[in-house]
């Protein structure tokens, strides 16, 4: 696909010329799940997947699936038409109080699974096949805790295939489980799993393994995510992707855009923003 | 009305067609309060609350005032001095607050719904026919609290017709913990894969909140997102996500905000091709 030629081409497309089909996507997430406020612990990343607001809440995943924009929880958007591509050109995301949520992640939720067991020490199958993010570079693995697991801290690793199609890679051992509200155990926590040294992405996750039982099955899952951008809350934080870090981001067809919030305190914050796209 | 090139945009920024001023003082918002805050009925205008759903336009008493209102579709080219005055005295504390503004086109609004009725409420509904963004794409519904409802947690289910004309779609809002107070504004989530709202037909609460209060339905079009702080800034379109939203002729602009503060003052410049 041809690049956007220059600033004039961008302005023309953003205002509807040349089939630019601009779409500005409104976001408003509040940290409630089915009427109950989530509980944050300072210093951790919390998934907005199940949070109320706009987009509406998603459900806890079960079997492995590739979520799309049609799934509850995904940001409503229109696929690019006429053989064009859809690009993120400008965005702003802010928390209701910056100190409570100083950083926000917007990402394409490429694959997810739930229903994994915090007491099982067997390799728990993840599987599935990506239909987006198939360049694999930049894809990340997260463990998401849907219902708290046990209070005995253990460690978890994922066995995955990397961006170069090399299987049998293993993430760094990461704390999993433990006292409620700690780094390894809180409902709606998103725990990033560091890739094996030298890897830059993920093609698939074959399984995850806990070294020992945490004591409680709970419900956790694995999410493969493709980060779109990180936003810092507060002040003048508009992101211009045409000239700023990261460049314009390709929003793939059927992208399932969701968000995560970094807790700067134990006081939960809402999330408001807008993502601006254009087609080329 | 696409702009041909950068020079065309530059011309609009340098020569706006409309310069509109928006000012309200509002009751201090609660830090971290999760719904957005609407300043529509606040001082100094103290507008009367609506009853029957009525379509709004730029002639409405609540719309910003200034130079001639745009008669053609426009873009937002500049926002000058948008600010809030947060509570608290320490500037460091104030700067920690996000103070996020959202410019919307308030398309229609209604009132007269009760916080104590748990059957389907259709008072002053369906919402008035859209006179702008008539496809409904990108249009959202919200419940706006005119007089506080009660403190008992409740779930509001809003039934609407989506932009494809499909009726019976639903979105839910949870009223929990904080008593929904006057000025709070609750955008309604769309059902999965919907792109907008054409009309709202009814609202039903799961539980009586404990007070009748008064709330209604607003249909609105989010236009642009304004990051702001206490100093007030001049923002051109490169800093305004959504500047390229088409502001349709006759728009009734309002500024919603998230965060703490007790004053909104800004100038919005619009220009049309």
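What to note about this one:
- When the range A:143-184 is filtered for residues that are on the phi > 0 side of the Ramachandran plot and modelled with pLDDT of 95 or more, the ones remaining, listed by number, are A:165, A:168.
- Residue that is farthest from the other protein chains (Cβ to nearest Cβ) [pool: residues in the range A:14-44 that are in a strand (DSSP E or B) and surrounded by fewer than 20 Cβ atoms within 10 Å (Cβ to Cβ)]: A:33
- The range A:142-159, residues that are under 22 Å from residue A:49 (Cβ atoms) and part of a strand (DSSP E or B): A:142, A:143, A:144, A:145, A:146, A:147, A:156, A:158
- Test for residue A:50: is it at the interface with chain B (Cβ under 9 Å from one of its Cβ atoms), outside any strand (DSSP E or B) and at pLDDT 95 or above: no
- Scanning the range B:133-147 for any residue that is over 23 Å from residue A:54 (Cα atoms) and surrounded by fewer than 20 Cβ atoms within 10 Å (Cβ to Cβ) turns up at least one such residue.
- Qualifying positions in the range A:167-184 - surrounded by 21 or more Cβ atoms within 10 Å (Cβ to Cβ) and part of a loop (DSSP other than H, G, I, E, B): A:171, A:177, A:184
- Criterion applied to A:93, A:75, A:130 was being in a strand (DSSP E or B) and either within 15 Å of the chain's Cα centre (by Cα) or surrounded by fewer than 19 Cβ atoms within 10 Å (Cβ to Cβ) (or both), and the one residue passing it is A:93.
- Out of A:234, A:246, sole residue that is surrounded by fewer than 16 Cβ atoms within 10 Å (Cβ to Cβ), in contact (Cβ under 8 Å) with a residue 12 or more places away in the chain and within 24 Å of residue A:25 (Cα to Cα): A:246
- For the range A:54-72, a residue qualifies if it is free of Cβ contacts under 8 Å to residues at least 60 places away in the same chain and either in a strand (DSSP E or B) or more than 8 Å from chain B (Cβ to nearest Cβ) (or both), and the qualifying residues are A:54, A:59, A:62, A:63.
- The set of residues from the range B:172-189 being within 12 Å of chain A (Cβ to nearest Cβ) and either surrounded by 24 or more Cβ atoms within 10 Å (Cβ to Cβ) or in contact (Cβ under 8 Å) with a residue 60 or more places away in the chain (or both) comprises B:173, B:175, B:178, B:184, B:185, B:186, B:187, B:188, B:189.
- Residues (within 12 Å of chain A (Cβ to nearest Cβ) and under 17 Å from residue A:28 (Cα atoms)) located in the range B:138-155: B:138, B:139, B:140, B:141, B:142
The values are calculated or read from the model by the stated rules, or taken from the named source; none is laboratory data. Every value quoted in this text rests on a predicted model; they were computed, and no experiment measured them. Every residue, glycine as well, gets a Cβ built from its backbone with ideal geometry; the counts of neighbours run over all protein chains shown.
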